[in-house]
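Read the structure below first, then the notes.
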Amino acid sequence: MSENFPEYVDVDYEDGDDEDPADYPHINDKIEKAIEVTHKGLTEYENPAVMWTGGKDSTLTLYFVKEVAEKYDLDLPTAIFIDHYQHFDEIHDFVDRWADEWDLEVVYARNEDIGEYVEENDLEPGDDIPISELSEHNRHHVENILEYEEDSFPFLLDTYAGNHLLKTVALNDALESNDVDGVISGVRWDEQEARADETFFSPRHDPDIYPPHDRIQPILHFDEAAVWEAFWNFVVPDTVEAFPDDGYVPESDDDLPNDLTEDDIPVSPKYFAGFRSLGSEVSTEKSDTEPAWLQDLEGTTERAGRAQDKEDLMERLRDLGYM
C-alpha cells in the first residue's frame, strides 16, 4: 500500500450519514447507488478487496463488483473469505463452485496458529484453548487489545475472544499481508443496530487496532427484502443463462425454472433450507422451513437464528475491526 494513504483517496466519509433504506424507495434507486459506490471503490483505491462469506449480502456485493469491473474495464479485485473453521460444509462448496465459475482469486484468511492447535489436539467447538499455547501475536490481541483476563478461551466463534481471534485477527492479518487499502463489504443498516450509523465510505485508520484502510459499503441502504428482490430479478437472471430474463421467485428448490437445480444458482442452499442468516455451523439455526425470501421478513428478526452472545457484543467487536 502507498505510504501516503489515505491522502490519495477522494471519497466522502459522510455519504449516507443520517440516511436509511427509506431514502432509496425503489429497487432501481438502490441499485444505482450501489453501482456508484462500487465504481468509486474500484477507482479510488490502489488495492481494494471484496469480502465474501458466501452469504446473500456479500454475494450481492460481489455481483455489483463484477458488473462494474466488467462495464468499466477495471481489474476484478481479490475476494477475501474468512475461514473460521466452523463453517457449514455447504458454504465451502458454494464458495469453491462460484469462485471457479466467476474466475475469482480468493484469499482464505485463517488464524492458522489456532487452527493448527485445534487440529493437533483434536478439539471440538466449545473446547477450551489455553492462552499460554497461543503465538505471541495472538497473545498480544488477547491480553493487550481485548484485555481478556481468563487463562483460556472457548474455541467458539460467537464469543468475544473467539470471534476476535478467529475472524478479526485473521482478516486484519490478510489485509496487511495483501496491502489492502479498501475493503468492499456487504453490511447493511437494517441488519444490526451496531451498523445503523455506518456510511458508504467508512474510515479505519488507527494503526494500533488494524492495518489502516477504508470500508466501502455498496449495499448499506438495502433491506433484507430488497436483497432478495435484487437476487431473483437481477443477479440470477444476469448470471444464469437458462434463468428467465424477467426474473422468477422460486417457492422451493424444486420450483426452479427450466430444469435448473440449486447448484446452478448463485444462492447458498442454506437459504433454500430456511436459514436467513449464515454464521457458524454450531450456533446458527434455520428460522423456518420455507426458503428465506418467503418468510415474514418484516415481522421477524433476520438474525434470530444467530447466537445472541455475539450479537450483544457487536459494538465492541466492530471497534476492534469486525465487519
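The values are calculated or read from the model by the stated rules, or taken from the named source; none is laboratory data. Everything numeric in this text was worked out from a predicted model, so none of it was measured. Every residue, glycine among them, receives a Cβ derived from its backbone with ideal geometry; neighbour counts consider all protein chains shown. When the accessible area is computed, the model is the full protein with side chains, heavy atoms only, and any ligands, DNA or RNA have been set aside. Shrake-Rupley method; radii C 1.70, N 1.55, O 1.52, S 1.80 Å.
The order of Thr43, Thr289, Thr61, Thr78 by accessible area, most exposed first and with a 1.4 Å probe, is Thr289, Thr43, Thr78, Thr61.
Where does the charge balance sit around Tyr24 when Lys and Arg score +1, Asp and Glu -1, over other residues with C-beta under 10 Å from its C-beta? Present the calculation step by step, with values, prior to reporting the outcome.
Values: positive: Lys30, Lys33; negative: Glu19, Asp20, Asp23, Asp29, Glu32, Asp223.
Surrounding charge for Tyr24 is -4.
Counting only protein chain heavy atoms and rolling a 1.4 Å probe, the accessible areas of Ile129, Ile209 rank, largest first, as Ile209, Ile129. Annotation note: GluC sites (Glu not before Pro) in region 273-304 located in DSSP loop regions with a Cβ neighbour count of at most 14 within 10 Å are Glu285, Glu298.
What the chain shows is 46 Å² of accessible area per residue, with the surface traced by a 1.4 Å probe over protein heavy atoms. Of the GluC sites (Glu not before Pro) found in region 77-125, the ones in coil according to DSSP and having at most 13 other Cβ atoms within 10 Å of their Cβ are Glu105. The loop-placed chymotrypsin sites (Phe, Trp or Tyr not before Pro) in region 79-165, going by DSSP, that have at most 16 neighbouring Cβ atoms within 10 Å of their Cβ come out as Trp102.
Can you tell me what the convex hull of the Cα atoms of region 234-302 projects to on average, as an area in nm²? Can you show the working numbers first?
Numbers: hull surface 20.5 nm².
Directional mean of the projected Cα hull area for region 234-302 stands at 5.1 nm².
What the phi angles of region 25-32 give under the Karplus curve with 6.51, -1.76 and 1.60, with θ = phi - 60°, is a coupling list of x, 10, 4, 5, 5, 5, 5, 4 Hz, glycine and proline written as x. What is the distance in Å between the Cα centres of region 238-276 and region 159-200? The two parts, judged by their Cα centres, are 29 Å apart.
For a test of the definition: using alpha carbon positions, the gyration tensor, and the 1.5 limit on a/c, classify region 15-80 as rounded, prolate or oblate. Taking the square roots of the gyration eigenvalues as a ≥ b ≥ c, region 15-80 is prolate. A helix-only calculation puts the chain at -8500 deg cm²/dmol for mean residue ellipticity at 222 nm, using -39500 (n - 2.57) for each DSSP H run of at least four residues, averaged over all residues. For a distance above 26 Å, tell me the whole-number percent of Cα pairs in the chain that qualify. That tail contains 47 percent of the Cα-Cα pairs. Ellipsoid fit via the Cα gyration tensor, region 193-257: semi-axes of 36, 13, 10 Å, each the root of five times an eigenvalue, largest first. Expressed as a rounded percentage, what relative contact order does the chain have, with Cα pairs under 8 Å and six or more residues apart? Answer for the chain is 21 percent.
Couplings for region 146-162, taken from phi via the Karplus curve 6.51 cos²θ - 1.76 cosθ + 1.60 with θ = phi - 60°, read 6, 6, 7, 10, 7, 7, 8, 9, x, 6, 8, 5, 8, 9, 4, 5, x Hz in order; Gly and Pro are left as x. Only protein heavy atoms count here; under a 1.4 Å probe, Ser135 has an accessible surface of about 40 Å². Out of every Cα-Cα pair that region 56-166 contains, those further apart than 23 angstrom amount to 42 percent. Taking amide hydrogens as placed 1.01 Å from N in the peptide plane, the amide H of Glu198 sits under 5 Å from that of no residue at least 5 positions away in sequence or on another chain.
Shown in residue order for region 237-247 are the 3J(HN,Hα) couplings computed by the Karplus curve 6.51 cos²θ - 1.76 cosθ + 1.60 at θ = phi - 60°: x, 6, 10, 10, 4, 7, 7, x, 5, 8, x Hz (x for Gly and Pro). With all protein chains in place and a 1.4 Å probe, the accessible surface of region 41-188 carries 36 percent carbon and sulfur. Placing one equal scatterer on every Cα of region 134-245 and applying the Debye formula, the log10 ratio I(q)/I(0) at q = 0.13 Å⁻¹ is -0.70.
In this structure, the amide hydrogen of Phe153, modeled 1.01 Å from its nitrogen in the peptide plane, lies closer than 5 angstrom to those of Ile129, Ile131, counting only residues at least 5 positions away or on a different chain. Largest GNM mean-square fluctuation among His140, His164, His87, using the chain with Cα springs under 10 Å: His140. Close amide-amide hydrogen proximity is noted between Val50 and Thr78, Ala79, Ile80, Ile184, each under 5 Å apart and 5 or more residues distant or on a separate chain (H modeled in the peptide plane; Pro and chain starts excluded).
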